[in-house]
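Accompanying notes for the structure given below.
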């Protein structure tokens, strides 16, 4: 018998034995229900059996479901007329454990503390030639004998990859959150916040020495972010005011990252270095002060304002242009980043309800990222640690951003059961270091809500938006050898429409149906005037993005403590992109080398649930849910009618299917003690041509050394027994 099932079967036996004894002589009905208690502790013993070849890491992903027992849930509350105290704990002793405590001394002091761990389990089948370090280190080494053998030709990287050692690829995020608020006077509070977020472990990372030698690395992560906030708040019936400070301080203990080149043991000016180097996330500081307030006005009106001014700094040591000692050293303009930016944000709102049938609001907000970093002068640069070349711009281009937006909305309710709403938004973005200097967008929103019929509720929403850009700099594209008509999806001209309809039908008090219909599209210009004569040329990039979705569900509640529910959702997303495969020269402007990508994503989701509570002498609760999701992604490549490109080999679709069934049975022996049994069935199947085990059959693929991080299926049966004590 598998070891994973022994604890579960033994637990089931323990649960059934007392139930049999109690059945011989039914106890008297308890005077109190477990629902009457706010305090309880739940102890759980869990075991999981996996089908052969299952991806256990993907099954867990953001949770820790190792076999064993734990204090799974603790809830304890103590309250009086003057104080309230609460303690919580979840999954104690595991990687996803959580602790929480709060105290509220009414009218005086509020304090809370929370510690929360969030694991991220990538893979338990990854392997690497690099020696892992614990704690994570910024230096990843390969045995010198392997590097020497590959460089000298006595072995190959394919043969050496068989020496890779297995390891678990995982991360963990630990969050500590402390909050406090003290009531100085009846109208004034002082508040404080401290949050610490630590991330440790490894994640998939990429290093490259050129297209012929790419490496997937167990990227080390060891970062810490401390956030501090303090505020003084005042308020009464007329309004409120607040003055606050916010600070955020990020520290990275792994920087820079240095990793061995698996193909070399010595530096070469042409074949490359024996190691690579890159800078990771730099240490940074943010300090900001903010002032906000609100004022209650006549005619049920209210005005609010918020202003924040901050300073962001980063002064990490700059790494040299190359780690290759066989290349000449290029002097740096300065030793540290000296990066600085002033950040200013403002938000002003006004809302009013002059009559019961009319409601209006207006909002204006700005965000200004003023980059004060000095220019960094660069005359030469190094690509792939093998080639020294000139850098035509000569300096860096600091990125700046200035956003402004205005929003207005009005709602009119001529009848008690119907409302009409209209809204308008205008946003403008000015930026540097982008191909488009500025973009402006107009958005119109219309909606209608009605429930004039007792059994029918409807809501219809329509949204139309148009975005245009100005100040397009085609010289930037010329400098990097790109097509002048290339556009980026987030700043390109665009017209979008979206419509949605929500409906609920209630033919009887115990039965309700609900459904939605939604459709949207985004269209971008397919041609653009370029050149001195204004001739139209095709635009490259994202041309269109369409989406459609439908849903239908029902809820049935025949009597108290009994309910059934089901819902089906269908979604489809289509995109069209255009590009040109061409090298500099005559073919660069040849439309016969154009090609398109037609992407289609569709998903079907079905959910069902059942609650049967207070059965069998009002002591048994049974809950069951079922979820099914099936998604397919297909990319179809097209060529120009007279294309000079080779014929296309279409790729197969990427298919993901996830099923999950849960059954939760709980029996209350007394008002203070209960026991239960939980069963989970999880099944995930995947067919991914890019990262499936059928494609990545070895750690070494042509020109690419991988970690073996694959897309694999899993089938899992999880059994849990739990004992709950109420007080």
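Summary of values
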| quantity | calculated |
| --- | --- |
| Sites residue 473 and residue 226 - FRET efficiency at Förster radius 56 Å, r taken between beta-carbons, to 0.05 | 0.90 |
| Kirkwood-Stokes translational diffusion coefficient of segment 115-223, alpha-carbon pairs, 4 °C, 1.567 mPa s, µm²/s | 75 µm²/s |
| Rel. contact order, % - alpha carbon contacts under 8 angstrom, at least six apart, segment 537-633 | 26 percent |
| Protection proxy ranking, peptides 414-424, 665-675, 117-127, average beta carbon neighbours within 10 Å, highest first | 117-127, 665-675, 414-424 |
| Segment 478-609, relative contact order [Cα under 8 Å, separation at least 6], % | 20 percent |
| Dimensionless Rg over Rh [segment 137-295; C-alpha; Kirkwood] | 1.27 |
| Convex hull volume per residue for segment 167-223, taking Cα atoms only, in Å³ | 103 Å³ |
| Principal axis dimensions, segment 401-548 - Cα atoms, whole angstrom, descending | 68, 28, 25 |
| Distant alpha-carbon pairs in segment 177-255 (separation over 17 angstrom), percent | 65 percent |
| Mean shadow area of segment 569-622, taken as a quarter of the surface of its Cα convex hull (nm²) | 6.3 nm² |
| Relative contact order (%) - the chain, alpha-carbon pairs under 8 angstrom, separation at least six | 10 percent |
| Mean Cβ count within 10 Å, highest first, over the residues of peptides 201-212, 709-720, 78-89 | 709-720, 201-212, 78-89 |
| Rg and Dmax [Cα atoms of segment 609-727; Å; Rg one decimal, Dmax integer] | 24.4, 80 |
| MRE, 222 nm, helices only [DSSP H, n ≥ 4, -39500 (n - 2.57), over the chain, to nearest 500] | -2000 deg cm²/dmol |
| Binned Cα-Cα distance frequencies in segment 679-727 - 5 Å width, integer % | 5, 16, 18, 13, 10, 10, 8, 6, 5, 4, 3, 2, 1 |
| Reciprocal mean inverse distance between Cα atoms of segment 424-475 - Kirkwood radius, Å | 13.9 Å |
| Square roots of five times the Cα gyration tensor eigenvalues for segment 311-402, Å | 49, 13, 10 |
| Sequence ranges 251-260, 447-456, ranked by mean other-Cβ count within 10 angstrom, highest first | 251-260, 447-456 |
| Extension reserve of the residue 613-residue 544 stretch, reckoned as 0.36 nm per residue once the Cα distance is removed | 19.9 nm |
| Alpha carbon Rg of segment 52-159, scaled by the compact-globule rule 2.2 N^0.38 Å | 1.86 |
| Kirkwood Rh, Cα atoms: Rg over Rh of the chain | 0.98 |
| Distance histogram in 10 Å bins (all Cα pairs of segment 348-487, percent per bin) | 10, 23, 23, 16, 13, 9, 5, 1 |
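Values in this text are rule-based calculations from the coordinates and carry no lab data. This one's a predicted model, so the numbers in the text were calculated from it and none came from an experiment. Reconstructed Cβ throughout: ideal geometry from the backbone, glycine too, with neighbour counts over all protein chains shown.
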